[in-house]
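Report on the following structure.
The values are calculated or read from the model by the stated rules, or taken from the named source; none is laboratory data. All values derive from a computational prediction rather than experimental measurement. FYI the Cβ positions are ideal-geometry reconstructions off the backbone, even for glycines, and counts take in every protein chain you see. In case anyone asks, the SASA skips ligands and DNA or RNA and just uses the protein heavy atoms, side chains included. Shrake-Rupley method; radii C 1.70, N 1.55, O 1.52, S 1.80 Å.
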Amino acid sequence: MKRLLTFIFLLASIILVLADDYKVLDMNSADIWANGQRLKRGMIISDKSRIFWKERDAMRVVNLKTKRQALMVANAHNLNNQTVYDILTSNHRLSAHGGNENDPIHVQLCRRIKNEYALMDSIMISVKGLKIPADSYIVASYEYGGEYIVKRLDICKGYIVIDRTLFNEGQRQLQPHDILLTIELKQDGSPFGTFIKDDVILTVLPPKL
């Protein structure tokens, strides 16, 4: 019995050491709860904290140990019944970065782009290490209200940036809910593009507070 108690104590200690804490950076709702309190910017939660929120609520957090940021999004599958760890695991659908560096650039770009994103403020897609031709650029297109919208995406410090300027169309500010993006690589002076990826699901969340 003494050995069993010692083992349980050691196991609990290991779990406690391995637990990660997260700091809340941004939120798009003032009605997100954890540990019996309403969350605010700057508050600390652990990966064992259970989150209570409504669908399409979201918050950006930073892991205090690894300094990596992540966007946590409420959906029908994780409402009021999952821990921070569960939510981050279910939201973390990474694309594969493998393959050959000699593959065509559009193939390499395809591997960097995930099948699904959630947009609260901005999305940063790393293209570091890829040799995108100086005369080429990346566009995203989608259908909205029967129109076909095409937008050039900025590349800043090695990241493709997707933000709410995607919905600026002339003097209009479009208000999409969820859209499917087609991503292409285009070359200056050419009317044609090279296909990268289509049916990229973009869930448009309410903006941060």
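Data overview
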| item | result |
| --- | --- |
| Considering residues of the range 190-206 that are part of a strand (DSSP E or B) and of a type in the set (Ser, Thr, Tyr) only, the residue surrounded by the fewest Cβ atoms within 10 Å (Cβ to Cβ) | 194 |
| Residues (open to solvent by 70 Å² or more (accessible area, probe 1.4 Å), outside any loop (DSSP other than H, G, I, E, B) and not charged (D, E, K, R)) located in the range 35-57 | 37, 44, 52 |
| Residue within the range 17-34 that is among the polar types (S, T, N, Q), more than 21 Å from the chain's Cα centre (by Cα) and either surrounded by 11 or more Cβ atoms within 10 Å (Cβ to Cβ) or at pLDDT 75 or above (or both) present | no |
| Those residues of the range 157-182 which are under 17 Å from the mean Cα position of the chain (by Cα), assigned to a strand (DSSP E or B) and either within 18 Å of residue 203 (Cβ to Cβ) or free of Cβ contacts under 8 Å to residues at least 12 places away in the same chain (or both), in sequence order | 160, 161, 162, 163, 178, 179, 180, 181 |
| Of the criteria (1) outside any strand (DSSP E or B); (2) free of Cβ contacts under 8 Å to residues at least 40 places away in the same chain, which one residue 209 fails | (2) |
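For every residue, the table says whether it meets (1) at pLDDT below 95; (2) closer than 19 Å to residue 159 by Cβ; (3) assigned to a strand (DSSP E or B).
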residue	(1), (2), (3)
59	yes, no, yes
76	yes, no, no
87	yes, no, no
96	yes, yes, no
106	yes, yes, no
129	yes, yes, no
